[in-house]
Every structure is written in structure tokens, then in C-alpha cells.
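Chemist: For reference, the structure I am asking about is given below.
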Amino acid sequence: MIDTLSYTLISIGLVFWFWGTWPLLGDRSVLFKLHGLSVSDTLGSMSIVVGLLLKIPREWPLLVLALISLAIWNTVLGYVLAYCSTRGGEDV
């Protein structure tokens, strides 16, 4: 049961990765593409890490650290990109 859930979460993570990468080929703005990519990459990576956590629970400290790092890094990166896009390329 745990193995099935683990493989399901890892598969969902891979689907999120490809789902976020595919729209990069479209005609939308760069910021829209980056937002979609960062959200799907974060969700996919976190899903894969949770799947690994179920698969190898003895490594929980490192995997929880990876989850926290993913959440913080991608949130901060999103704010930095939004700030840079609203400044219009001006020097601070």
C-alpha cells in the first residue's frame, strides 16, 4: 500500500514537471510562463520528495529539509521576479 502511494506521488510529480514545461513553447508573456513553470515545478518537486519520504522514511530529516527549502526558495524567487518586473528594468 505504501509503495503504491509512493509511486503515485512520484508519478504525479513527474506529471507536474512536464505540465509546467510544456507551456514554455506558447506565445504568452515571459512572466506568465515563469509563474506557471515555478508553481508546477514546486508542486512536482514537493510531490516527489513526499513520495520518497514514504519510500525511505529513515531519511526523513533530509527530506523534510528539502521540502522546506523548496517552499522557501521558490516563494522568494517568485517575489524577486515580480519585483523586478514591476520596476521595469530600472536600477535601484
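Chemist: By how many nm would the segment from Leu81 to Phe32 lengthen if fully extended, with 0.36 nm per residue of separation less the alpha-carbon distance?
Modeler: Difference between extended and current length: 16.5 nm.
Chemist: If R₀ is 41 angstrom, what is the calculated FRET efficiency for the pair Thr4 and Val39, using the beta carbon separation as r and rounding to 0.05?
Modeler: E(calc), rounded to 0.05, equals 0.95.
Every read-out reported here was derived from the displayed coordinates using simple, explicitly stated rules and does not represent laboratory data. It should be emphasised that the depicted structure is a prediction, and the values quoted were computed from it without experimental measurement. For neighbour counting, all protein chains shown are included, and Cβ atoms are generated from backbone atoms with ideal geometry for every residue, glycine included.
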